[in-house]
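Since the structure comes first, as structure tokens, the remarks are kept for the end.
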Amino acid sequence: MAKIAINIATGSLQKDEIIVGIDLGTTNSLVAIIHPETKMPVALKEHNTSSLVPSVIYFDEQGNIEVGENAKSHLESHPERTIFSAKRLMGKSYEDVKNNQSFFSYKIINDNTDSLVKVQLENQFYSPVELSSLILKELKKRAEHILKTPVNKAVITVPAYFNDTQRQATRDAGKLAGLDVLRIINEPTAASLAYGIGHNNNQSSKHEIIAVYDLGGGTFDISILRLNDGIFEVLSTNGDTYLGGDDIDQLIVSHWCNKIGITTEQLSKDKSLNQTYRLKAETAKKYLSNASVFEDIVNNVPLVLTKDELEILIAPLIGKTIKCCELSLKDAGIKKTEITNIIMVGGSTRIPYIKHSVSDFFEKPVNDKINPDEVVALGAAIQADILAGNNKELLLLDVTPLSLGIETVGGLMDVLVPRNSKIPTTASRQYTTQVDGQSSMRIAVFQGERDMVKDNRKLANFNLSNIPAMPAGLPKVDIQFLINADGILTVTAKESRSGVFQQIEVKPQYGLTDAEVEQMLLDSITHAKDDIVLRALTEARTEGEQLLKTTEKFLEKNTASLTQEELLHTANAMQSLQMAITMEDKNLIHQKIEELNNISRPYAERVMDQAIGKAMTGKKI
Ligand code: ADP
Ligand code: MG
């Protein structure tokens, strides 16, 4: 299948456009490329600076945005305006993150729905996709500055356990940052590529079983991969999404507090001293990766830490990661002895004790020659180079030239199979009905990169009928896309409560010339920004309309249980939401949704309690 490079500015085709590899990390992000002369992967950096860009965004009161090192300094001084760990929110609903609310110092709104989370800064609302796009924009800007050439194409890495929604969100973030995301690849796969595993010219590495141990700033992942004839397969993943280098820093701070005779709570009352201690702890930790004693003095208080002390402190934490490795092997059905490669990823794996522990557990030396905080980005750059067609020795699988998806409420394109997915492939997602008693569902299949289906190409259309009457939202319709090795797409729709079933076959590429595919890609890049703005607006409107509908229904049933004042406030809030929906400002719509929710939440809970009370009194014991 042809790969096409398009110059965004001129629309002309070009052969040797640069494609970068991006590691979009929870703590740090960076960009790498294949050096045009040495043909080796390198991480991009300005003179005398680090290649790592902290994944932190600071919004100041004037509406300016800072990303990276400068933003990091605001973490303690302006916690409510400084966003970190946005990656943890990608593709998540409030339900998913509510148990970790205290981890985030900024406001995550609870809109009582299972839609995706939003972050609120005064009257601005940001989706995790928008936040990640700000980091990607900064990376793009830096790369362009260093390379002195436009950067429009990228391969971005994600954790192996990311689901379809999280991958799609990452893709959208790239698009919003003005990047054409050629492929999303797994972080452990990228790390393996960087170590030369999976290169076709490396005969000995045709069949491998690889363990990738990744301990970053806030998360721990272990992945077991199998490589077979150039194809990486994830056999299992395990880990802890709240365990990383930050916890080690915290342990060191507590250790020092103990020695001085104060509690960490006492220390945390002095924000700036707390910050100083935390930074000193990180410095000490890093220093001890190559030394045996760390000594410093802060405010006349000596702070000392030996390598032995550090090891005792972190032993339980590392023990936990080893437990995860055990579980991961078990899930993969793999014996320790079958592992052919162990790869160390993430800044925290620089700690010698960690390397030893992992090596002791697997009973094999670990691969640690490549800089552990760059290795993922370097692998992404290798993948980018393969996609650019520069690396002929590496196997490139057949891929879908354009995304495939279906139409959802508001005329939005919901992508099931993103473009450049290797085939054969399958993807499925669950949908439900919009109105009560809906007995049929029209399923329209589209091909293309634009966010509104009207701008894409319609491939097929069919009806799933005879759905038994149920309230809106209750039917569960599974839609499955299956593309076989010949590129033939079969779409299946099945309502799982009733078993109603419908299937059709389409040829996605049929009738499209290379030139048409090029044109569709070009359009998607030129319109990426408008598309995403329109998509966010359409989603906000749909959410608003749904809330109006449910509120109306609730009022019809429960008018008698509400006070005059509540009814009046609700009517006003509904009217302003209705008004906001007719305007072009998604922030305004979200604000009005939030207001209406805040008004209705207390009485909705009250009515619910009463209903339960009634049900109880009716029952005889
Ligand atoms: P992520 O993948 O979560 O974005 P990174 O791989 O960039 O994170 O790892 C960041 C973590 O690595 C931080 O906690 C940092 O303190 C830690 N780290 C970096 N260098 C060292 C070192 N020399 N010794 C110990 N820890 C280190
Ligand atoms: Mg990482």
Check: Which residue out of Ile351, Ile382, Ile343 is assigned by TED's automatic domain parsing to the domain that holds Lys206, at pLDDT below 95, surrounded by 19 or more Cβ atoms within 10 Å (Cβ to Cβ) and β-branched (Val, Ile, Thr)?
Finding: Ile382
Checklist line | Sole residue being away from ligand 1 (no atom under 16 Å from the Cβ) and either under 27 Å from Ile297 (Cα atoms) or among the hydroxyl-bearing types (Ser, Thr, Tyr) (or both), chosen from Ile231, Ile260 | finding: Ile260
Notebook entry, point to check: Considering only the range 552-588, how many residues are of a type in the set (Asp, Glu) and assigned to a helix (DSSP H, G or I)?
Noted result: 4
Notebook entry, point to check: Can you tell me which residue in the range 426-440 is farthest from Ile231 (Cα to Cα), limited to those that are in contact with a Phe, Trp or Tyr (Cβ under 8 Å, 6 or more places away or on another chain) and among the hydroxyl-bearing types (Ser, Thr, Tyr)?
Noted result: Ser428
Notebook entry, point to check: Conditions: (1) touching a Phe, Trp or Tyr at 6+ places or on another chain (Cβ under 6 Å); (2) within 15 Å of Val417 (Cα to Cα); (3) not acidic (Asp, Glu). Ile443 meets all but one. Number of the miss?
Noted result: (2)
Next item on the list: Collect the residues in the range 351-382 that are away from ligand 2 (no atom under 15 Å from the Cβ), part of a loop (DSSP other than H, G, I, E, B), more than 17 Å from Asp221 (Cβ to Cβ) and out of contact with any Lys or Arg (no Cβ under 7 Å at 6 or more places or on another chain), keeping them in residue-number order.
Entry: Lys364, Pro365, Lys369
Check: Do you know which residues across the range 213-236 are farther than 25 Å from Leu313 by Cβ and within 14 Å of ligand 2 (Cβ to nearest atom)?
Finding: Ser223
Note to self: Just to be sure before I move on: is Val42 surrounded by fewer than 20 Cβ atoms within 10 Å (Cβ to Cβ) and at pLDDT 95 or above in the structure I sent?
What the structure shows: yes
Next item on the list: Among the strands (runs of 3 or more DSSP E) lying completely within the range 247-350, list those that include at least 3 residues that are closer than 17 Å to Tyr213 by Cβ and within 16 Å of ligand 2 (Cβ to nearest atom).
Entry: 341-345
Next item on the list: Working only within the range 522-555, note down all residues that are within 22 Å of the chain's Cα centre (by Cα) and among the aromatic types (Phe, Trp, Tyr).
Entry: none
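The values are calculated or read from the model by the stated rules, or taken from the named source; none is laboratory data. Keep in mind that what you see is a predicted model, and the values were worked out from it rather than measured. A quick note on method: Cβ atoms are made from the backbone with ideal geometry, for glycine too, and the neighbour counts reach across all protein chains shown.
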